[in-house]
Amino acid sequence: PKTTLDYYYYYYATQVLHFYDGPEWKEQWNPKMRDMLIELQAKSGTDSGSWAGDATYFGRESGRLGCTCLALLTLEVYYRHLPLYKRDTAGLRELERAR
């Protein structure tokens with residue numbers, strides 16, 4: 001059976017699991033999500049590097065551009081957000097230093 005993709009769900013679920021951290025994030029969700037998104041990325045032609053629109057409401061309305069944006073944001077979630085447990089430690093100082 002064909003799986004319905006939902007980049008909107010993937011993006012927000014990835015943020016939740018990233019903040020939760022633990023083995024669910026490190027060993028299950030992140031590696032599988034990363035590999036799945038890379039596999040779904042267009043590899044040739046004029047759409048190379050992008051992701052096709054999904055069958056959900058979001059994908060039908062936003063098309064290839066919206067799904068590509070969410071796929072990229074999903075793949076880089078750990079570059080944009082510190083886990084909650086690092087916000088009061090050196091992680092926050094490192095983030096401030098980078099600005």
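Close contacts from segment 27-47, counting a first residue that is in a helix (DSSP H, G or I) and a second that is among the hydrophobic types (A, V, I, L, M, F, W, C) and open to solvent by less than 90 Å² (accessible area, probe 1.4 Å), with Cβ to Cβ under 7 Å and a gap of 6+ residues or different chains, come to Trp29/Leu17; Arg34/Leu75; Leu37/Ala71; Leu37/Leu75; Leu40/Trp51. Scanning segment 1-14 for residues that are crowded, with 16+ Cβ neighbours inside 10 Å and assigned to a helix (DSSP H, G or I) yields Tyr7, Tyr8, Tyr10, Tyr11, Thr14. Here segment 33-46 is the region considered, the condition is being within 13 Å of the chain's Cα centre (by Cα) and open to solvent by less than 40 Å² (accessible area, probe 1.4 Å), and the residue that is nearest to Tyr12 (Cα to Cα) is Met33.
Taken over segment 14-46, the criterion of being aliphatic (A, V, I, L, M) and under 13 Å from Ala71 (Cβ atoms) is satisfied by Met33, Met36, Leu37, Ile38, Leu40, Ala42.
In this structure, does Trp29 turn out to be of a type outside the set (S, T, N, Q), under 17 Å from Leu75 (Cβ atoms) and in contact with a Cys (Cβ under 9 Å, 6 or more places away or on another chain)? No: the conditions fail for Trp29.
On the basis of being more than 13 Å from the chain's Cα centre (by Cα), part of a helix (DSSP H, G or I) and touching a residue at least 40 places away in the same chain (Cβ under 8 Å), does Gly63 make the cut? The answer is no for Gly63. Restricting Gly22, Gly49, Gly63 to those that are among the small types (Gly, Ala, Ser), modelled with pLDDT of 90 or more, surrounded by fewer than 13 Cβ atoms within 10 Å (Cβ to Cβ) and on the phi > 0 side of the Ramachandran plot reduces the list to Gly49.
Note on segment 66-93: among residues that are aliphatic (A, V, I, L, M) and at pLDDT below 90, the one that is most open to solvent (accessible area, probe 1.4 Å) is Leu84.
The values are calculated or read from the model by the stated rules, or taken from the named source; none is laboratory data. Given the structure is predicted, the values throughout are model-derived calculations rather than measurements. All Cβ positions, glycine included, derive from the backbone under ideal geometry; neighbour counts span all protein chains shown. Only protein heavy atoms, including side chains, enter the accessible area calculation; ligands, DNA and RNA are left aside. Shrake-Rupley method; radii C 1.70, N 1.55, O 1.52, S 1.80 Å.
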